[in-house]
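Engineer: Below: one structure in structure tokens.
The values are calculated or read from the model by the stated rules, or taken from the named source; none is laboratory data. These numbers come from a predicted model, not from an experiment. Neighbour counts run over all protein chains shown; Cβ positions are idealised from the backbone, glycine included.
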Amino acid sequence: MLTHQLNLRKPLAVFDLETTGVNVIKDRIIEISIAKANVDGTVTVKTRRVHPGIPIPLESSMIHGIYDEDVKDEPTFKQIAKSMSQFLDGCDLAGFNSNRFDVPMLVEEFLRNDVEFDMKNRRLVDAQRIYHLMEPRSLSAAYRFYCNKDLIDAHSAEADTIATLEVLNAQVAKYEGVPLKNEKGEEYFPVKNDMDALHELTSSRLVDFAQRMTFNKEGVEVINFGKHSGKPVVQVLKDEPSYYDWMMKGDFPLDTKRKLTEIKLRTFNSR
């Protein structure tokens with residue numbers, strides 16, 4: 001039986017996705033594996049394949065080994081979305097590079113299928129962020145470095161998920177109490193066995209999951225791409241009102257549009 005030593009106040013769902021590609025808007029999930037680390041130290045693993053509703057490109061199949069034939073009889077995400085949401089209810093979320101890809105893709109799938117998946121009270125922990133901060137390398141190297149094991153079946157969702165949980169567990173054990181120095185030369189301790197601290201370390205700068213917007217050092221939401229990169233979102237919306245309509249009509253994730261709308265309503269309705 002899988003176990004963990006993470007200090008949890010609620011379950012932590014470590015998950016990994018295999019998809020038709022890397023475009024959050026156009027691509028779809030074809031496999032999802034979740035290792036739910038429970039408060040009592042046990043781990044529940046669930047893995048299932050999903051019919052994406054679109055062909056799987058050969059170049060993607062050659063990476064994860066899943067072809068159209070393998071998913072032709074599987075349910076669509078729409079068919080499993082409600083049960084998946086229920087399984088993840090009350091869980092914080094973790095993964096490896098999850099803030100840049102897996103979380104945005106999962107949220108987008110729920111949104112496009114009109115299934116409620118509230119992210120407001122979830123901590124997000126990205127083991128890759130900790131890894132790149134402390135020991136910059138890849139998942140296979142991280143698994144070898146932290147767990148002294150070779151990652152067999154890399155790019156299998158379940159193998160990657162279980163490896164990520166083991167890496168995260170080992171990272172906390174290794175780095176808790178290890179100091180770093182900030183820009184002023186002051187020592188601080190970034191890694192703690194606490195989901196609030198790990199969320200703050202790996203996910204506190206997120207505005208939208210696709211990271212078209214981010215927080216600057218002053219905690220202000222700024223545009224993170226294009227000609228307005230680095231400018232406060234509120235300032236851009238004031239100076240160029242058509243920018244909002246351009247983004248809402250553009251090829252951006254639904255989550256990005258939702259967050260932009262929240263900022264717009266919060267700003268202009270508060271007057």
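Engineer: In segment 128-137, is there at least one residue being modelled with pLDDT of 95 or more and outside any helix (DSSP H, G or I)?
Structural biologist: The answer is no, given that none of the residues of segment 128-137 is modelled with pLDDT of 95 or more and outside any helix (DSSP H, G or I).
Engineer: Tell me, which helices (runs of 4 or more DSSP H) wholly within segment 155-271 include 1 or more residues that are under 30 Å from Arg48 (Cβ atoms)? Talk me through it step by step, then tell me what you get.
Structural biologist: Numbers: elements: 157-175, 195-203, 233-239, 242-249, 254-268.
Passing ranges, in order: 157-175, 195-203, 254-268.
Engineer: Considering only segment 75-92, I want to know if a residue exists there that is farther than 30 Å from Val207 by Cα, out of contact with any His (no Cβ under 6 Å at 6 or more places or on another chain) and of a type outside the set (Val, Ile, Thr).
Structural biologist: We begin by selecting, within segment 75-92, every residue farther than 30 Å from Val207 by Cα; these are 75.
When the remaining residues are screened for being out of contact with any His (no Cβ under 6 Å at 6 or more places or on another chain), the result is 75.
From what is left, the residues that are of a type outside the set (Val, Ile, Thr) are 75.
For segment 75-92, residues farther than 30 Å from Val207 by Cα, out of contact with any His (no Cβ under 6 Å at 6 or more places or on another chain) and of a type outside the set (Val, Ile, Thr): present.
Engineer: Hey, Ser61 hits all of (1) out of contact with any helix residue (DSSP H, G or I) (no Cβ under 6 Å at 6 or more places or on another chain); (2) over 19 Å from Ala159 (Cα atoms) but one; which does it fall short on?
Structural biologist: (2)
Results for (1) out of contact with any Ser or Thr (no Cβ under 8 Å at 6 or more places or on another chain); (2) closer than 30 Å to Asn169 by Cα; (3) not aliphatic (A, V, I, L, M), shown as yes or no for each residue.
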position	(1), (2), (3)
Arg28	no, yes, yes
Glu31	no, yes, yes
Ala35	no, yes, no
Ile54	no, no, no
Asn97	yes, yes, yes
Glu109	yes, yes, yes
Phe117	no, yes, yes
Asn121	yes, yes, yes
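Engineer: Taking the options Ala154, Ala163, Ala197, name whichever one is closer than 22 Å to Val39 by Cα and either surrounded by fewer than 20 Cβ atoms within 10 Å (Cβ to Cβ) or in contact with a Gly (Cβ under 9 Å, 6 or more places away or on another chain) (or both). Walk me through it before giving the result.
Structural biologist: Details: Ala154 fails: closer than 22 Å to Val39 by Cα; Ala163 fails: either surrounded by fewer than 20 Cβ atoms within 10 Å (Cβ to Cβ) or in contact with a Gly (Cβ under 9 Å, 6 or more places away or on another chain) (or both).
Step by step, each of Ala154, Ala163, Ala197 is checked, and only Ala197 is closer than 22 Å to Val39 by Cα and either surrounded by fewer than 20 Cβ atoms within 10 Å (Cβ to Cβ) or in contact with a Gly (Cβ under 9 Å, 6 or more places away or on another chain) (or both).
Engineer: Within segment 124-137, identify whether any single residue is free of Cβ contacts under 8 Å to residues at least 24 places away in the same chain, closer than 13 Å to Asp16 by Cβ and loosely packed, with under 14 Cβ neighbours inside 10 Å, and answer yes or no. Spell out the reasoning first.
Structural biologist: To start, the set of residues in segment 124-137 that are free of Cβ contacts under 8 Å to residues at least 24 places away in the same chain comprises 132, 135-137.
Applying the additional criterion that residues be closer than 13 Å to Asp16 by Cβ yields none.
No, the conditions are met nowhere in segment 124-137.
Engineer: Here's something else I'd like to know. Between residues in segment 59-84 that are assigned to a loop (DSSP other than H, G, I, E, B) and residues that are surrounded by fewer than 18 Cβ atoms within 10 Å (Cβ to Cβ) and modelled with pLDDT of 95 or more, which pairs lie under 6 Å by C-beta distance while being six or more apart or on different chains?
Structural biologist: Pairs that qualify, where the first residue is assigned to a loop (DSSP other than H, G, I, E, B) and the partner is surrounded by fewer than 18 Cβ atoms within 10 Å (Cβ to Cβ) and modelled with pLDDT of 95 or more: there are none.
Engineer: Read through the list (1) polar (S, T, N, Q); (2) surrounded by 12 or more Cβ atoms within 10 Å (Cβ to Cβ); (3) in contact with a strand residue (DSSP E or B) (Cβ under 7 Å, 6 or more places away or on another chain), then give the number of the only condition that Thr267 fails.
Structural biologist: Thr267 satisfies every listed condition except (3).
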